[in-house]
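Report on one structure; see the data block that follows.
A short reminder: the numbers here are calculations on the coordinates, not readings from a lab. Every value quoted in this text rests on a predicted model; they were computed, and no experiment measured them. Heads up, the Cβs are rebuilt from the backbone with ideal geometry, glycines too, and the neighbour counts pull from every protein chain shown.
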Amino acid sequence: MPKNNKQTVMKNKIVSKTFVEAIWGTSKELNISLLETAEYYSIISTYRYFDPRYSSVPKSKYWYERILPKYDNFRFKTALRVSREHFNLIRELLSVNPIFQTRNTTPLETKLAITLYRFGCDGSGSSYMKVGQLFGISDGGAIISFTNQVIQVNPFILTTWFAITLS
């Protein structure tokens, strides 16, 4: 049987109280009781949670800001699937795109690193939770948004990058 939250328990108590009063009370008391119940029910229905929710999940940018820059070339390429030189080249090519010239608090380098990290993972390695923990960002819409921004770049930029890397 599913666990009832406080809101459901409170609603059930109000409804059951009304039924008891309906059986044992007078018609005048019943009218007042029904009005009170409807009022209480509408008040309770406006609250999503009775207990405060703490949505602050601990995150740290330590790996991205302190560990990744210290990786040697092999480990850097293992983590992001491109060398440092190619990472910097892609960043330069993306920086001229209008998508990345908007005022945003997240730097292009972070968005690119998140996207490349996700592209290089399989299975649960690219899960929102894991990526959020590694890069110190929310594990939801931000990751999707950053990845989509990098994917939506001008095909010319991707063509230029592939031409440079293949030559």
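With r as the distance between the Cβ atoms of Thr78 and Arg103 and R0 = 35 Å, compute the FRET efficiency 1/(1 + (r/R0)^6) and round to 0.05.
Working: r = 33 Å, r/R0 = 0.95.
Between Arg103 and Thr78 the formula returns 0.55.
Spin-label pair Leu89-Ser126: with each label point 7 Å from Cα along the Cα-Cβ axis, the two points sit 2.2 nm from one another. The label-point distance for Glu65 and Asn12, in a model that sets each label 7 Å from Cα toward Cβ, rounds to 4.7 nm. Considering amide H positions built from the backbone, and no H for Pro or chain starts, which residues 5 or more places from Lys59, or on another chain, come under 5 Å of its amide H? So Lys59 has HN proximity to no qualifying residue. A Förster radius of 41 Å combined with the Cβ-Cβ distance from Gln152 to Glu39 puts the calculated FRET efficiency at roughly 0.20. Principal semi-axes of the equivalent ellipsoid, √(5λ) from the alpha carbon gyration tensor of the range 62-166, are 20, 18, 13 Å from largest down.
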